[in-house]
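The values are calculated or read from the model by the stated rules, or taken from the named source; none is laboratory data. Just so we're clear, the structure is a prediction, and the values are computed from it rather than from any experiment. Backbone-built Cβ (ideal geometry, glycine too); neighbour counts: all protein chains shown. Protein only, heavy atoms only, side chains kept; ligands, DNA and RNA dropped before computing areas. Shrake-Rupley method; radii C 1.70, N 1.55, O 1.52, S 1.80 Å.
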Amino acid sequence: MNESNLTSLLEAMFHHSKEMILFVNRSGEIVHMNAHAANTLDDTDYDRSQFQHICNHCQGMYMEGGRVACTNCYLHQEEIVSFQVYMRTRDGEVVPFIANFQRIDPENEISVFTLNSLAEQLKTQEIEHQKRLTQRIIQAQEDERKRISRDLHDGVTQELLNVLLEMRLLKYVDDREMLNDKMVKSEESLSQLLDYVRNISVELRPASLDDLGIEAALKTHFKWIERQYGISVDFIFDVDQKRFNPEVETVLYRIIQEAIFNAAKYAEVDSIDVALEETKDGESHHIKFAIEDSGLGFHTGDTPVGTGLGLFGMSERASSVGGTVSVDSVPGGGTKVFGSIPV
C-alpha cells in the first residue's frame, strides 16, 4: 500500500469514526476535529474564524477522590491513557467520556484527544449487574423456600403424623383414665403445633405490621425473640408519625428482623439495642435506624459467615426505597447495623 492510499484510509477513518477525535495545540486550542466531535460538543458562542478552545467544552477530569476542574490537566502531559473526562454537549448536558490524550507532533506540540461515550459501556455494566442481582435474589428466594419447606416437613408434618397416630390408637383404648391421659397429650401436641405454625406465619408476614404499623409489629417480634432465643431487646421508638408507606414499613421491619437474627445466630449476646428516630430538615424527612449488639463482632471485609445473603438483602431492601444501610463491626467489639430511609 502506497502512502497516498494510506493517507486516504486514515482520512476516511478520521471523518467516519464513531469516536470523537480532536487535535489540539499546546494552548488547548482545537486545531481540527472530526464530524462526530463537531456534532456532539457544544458550539455555543463559537466564533468559527477563531480557534475553539477545549476548555470551552471540558468540565473536568475524574480522578481518585472525585472530579477535578483544572488540577493536573491532561493538556500539561505528554500522554495520559484511558481517563474519564466530563464534556458539555450540544443539548447542554455534562456527559462522562473515556478519553485518551497523546502528543503526536512534538515539534509543533500538537496532540490528539479522543473521546468515547460511556453510555453503552455503562448500559452493558448495568445489564450485567442486573443479571447478577437477579441471580442472587433468586438464590435467596430458593434458600428461603428450602428453609420454610424444611421447617414444615421437620416440624409441622412430623407433629401432625404423631398426633394422627395417637388419634387412631384412641379407638382401641378401653381404659377411661388412659384415654383421658392420651387425649391430654394429643391436645398439648396440637397446641404446640399451633404455636409453631403461628411462628412461621409471623416470620413470613406479621399481621400486626399491616393492621397496627411498624412499632406494634416490632414490639411483637421482640417478645417472640425473647421467648425463642432468650435475648432481650431494648427498643427506642422516637417517631411522631405512626404509619408510613407500607413499602417503607416492610423494608424497616425486614432489615431490623434480619439484623436481629444475625445477632442471635452469630454474636452470642443476651441483649440487643434497637432505635428508630424520625428526622426532618426542610423537605428532607427520614427514618434513621440502628441495631447494635456488644457481641463477638467480625472484620467487615471478611467473607460473611453463612451465605452472606442477609447483609446483601438488607442493602438491596434499603436501596429499593432510596435508603442506605451500613454495617460497622470489629472482632470482640460488637456489631452495629445502621442506616436511613426517606419517608
Conditions (1) of a type in the set (Phe, Trp, Tyr); (2) modelled with pLDDT of 90 or more; (3) in contact with a Ser or Thr (Cβ under 7 Å, 6 or more places away or on another chain): number failed by Phe222: (3)
Just wondering, is there one or more residues in the stretch 306-317 that are closer than 19 Å to Lys219 by Cβ, open to solvent by 10 Å² or more (accessible area, probe 1.4 Å) and either aromatic (Phe, Trp, Tyr) or free of Cβ contacts under 8 Å to residues at least 12 places away in the same chain (or both)? no
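Filter the stretch 181-202 for residues that are touching a residue at least 24 places away in the same chain (Cβ under 8 Å) and open to solvent by 40 Å² or more (accessible area, probe 1.4 Å) and give the result. Give the derivation first.
Taking the stretch 181-202 and keeping what is touching a residue at least 24 places away in the same chain (Cβ under 8 Å), we get 189-190, 192-193, 196-197, 199-200.
Answer for the stretch 181-202, where residues must be touching a residue at least 24 places away in the same chain (Cβ under 8 Å) and open to solvent by 40 Å² or more (accessible area, probe 1.4 Å): Leu190, Gln192, Tyr196, Val197.
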Within the stretch 145-174, the residues that are open to solvent by less than 80 Å² (accessible area, probe 1.4 Å) and more than 13 Å from Leu193 (Cβ to Cβ) are Arg147, Ile148, Ser149, Leu170, Val173
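Do you know which residues across the stretch 276-287 are open to solvent by 90 Å² or more (accessible area, probe 1.4 Å) and in a loop (DSSP other than H, G, I, E, B)?
Filtering the stretch 276-287 down to residues open to solvent by 90 Å² or more (accessible area, probe 1.4 Å) leaves 280-281, 283.
The answer is Glu283, and nothing else.
List the strands (runs of 3 or more DSSP E) that sit entirely inside the stretch 1-83 and contain at least 2 residues that are modelled with pLDDT of 85 or more and either in contact with a Gly (Cβ under 6 Å, 6 or more places away or on another chain) or open to solvent by 50 Å² or more (accessible area, probe 1.4 Å) (or both). Working first, answer last.
Values: elements: 20-24, 29-33, 58-63, 66-68.
Per the criteria, 29-33.
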Listing of helices (runs of 4 or more DSSP H) fully contained in the stretch 199-275 that carry 2 or more residues being in contact with a Gly (Cβ under 6 Å, 6 or more places away or on another chain) and closer than 27 Å to Gly295 by Cβ: 246-262
Those residues of the stretch 105-124 which are in contact (Cβ under 8 Å) with a residue 24 or more places away in the chain, open to solvent by 30 Å² or more (accessible area, probe 1.4 Å) and under 16 Å from Ile21 (Cα atoms) amount to Ile110, Asn116
What number of residues in the stretch 204-214 are touching a residue at least 12 places away in the same chain (Cβ under 8 Å) and surrounded by 15 or more Cβ atoms within 10 Å (Cβ to Cβ)? 5
For Ile236, work out the one condition from (1) within 23 Å of the chain's Cα centre (by Cα); (2) modelled with pLDDT of 90 or more; (3) loosely packed, with under 15 Cβ neighbours inside 10 Å; (4) β-branched (Val, Ile, Thr) it doesn't fulfil. (1)
